[in-house]
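Each reported figure results from applying straightforward, stated rules to the coordinates on display, with no laboratory input. All figures in this text were calculated on a predicted structure; none of them were measured in a lab. All Cβ positions, glycine included, derive from the backbone under ideal geometry; neighbour counts span all protein chains shown.
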Amino acid sequence: MNPAVCKKLFQELTHSEVAYLLNGESHAVFLSRRRHRYHGQCRKQLERVIALGPNAGRFVDLFIKEFEED
């Protein structure tokens, strides 16, 4: 994956985690409102996460943990 896409995706997933922790807002709902800001590969990846629905939170947790380890 393109490094720029990874960075944008990480930022959006991190923001969705913060929204979940502060407001209890679902990750999928948060990301579905923000996906229109991106095009191409980043939007495609966001739509994949959104398609997980209620399980999107699990993916976000795993994604963030992977970046923390590096």
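Please indicate, with yes or no, whether at least one residue in the stretch 26-35 is free of Cβ contacts under 8 Å to residues at least 12 places away in the same chain, surrounded by fewer than 14 Cβ atoms within 10 Å (Cβ to Cβ) and on the phi > 0 side of the Ramachandran plot.
There is no residue in the stretch 26-35 that is free of Cβ contacts under 8 Å to residues at least 12 places away in the same chain, surrounded by fewer than 14 Cβ atoms within 10 Å (Cβ to Cβ) and on the phi > 0 side of the Ramachandran plot.
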(message) Restricting to the stretch 1-25, name every residue that is buried (at least 16 other Cβ atoms within 10 Å of the Cβ) and aromatic (Phe, Trp, Tyr).
(response) TYR20
(request) Being without any contact (Cβ under 8 Å) to a residue 24 or more places away in the chain and within 10 Å of LEU31 (Cβ to Cβ) is the filter here, so list the residues in the stretch 52-70 that pass it. (result) none
(message) So in the stretch 19-35, with the set limited to residues that are among the small types (Gly, Ala, Ser) and outside any helix (DSSP H, G or I), which one is farthest from GLN45 (Cα to Cα)?
(response) GLY24
(request) Specify which of the listed residues (LEU46, LEU62) is more than 14 Å from VAL5 (Cβ to Cβ) and part of a helix (DSSP H, G or I). (result) LEU62
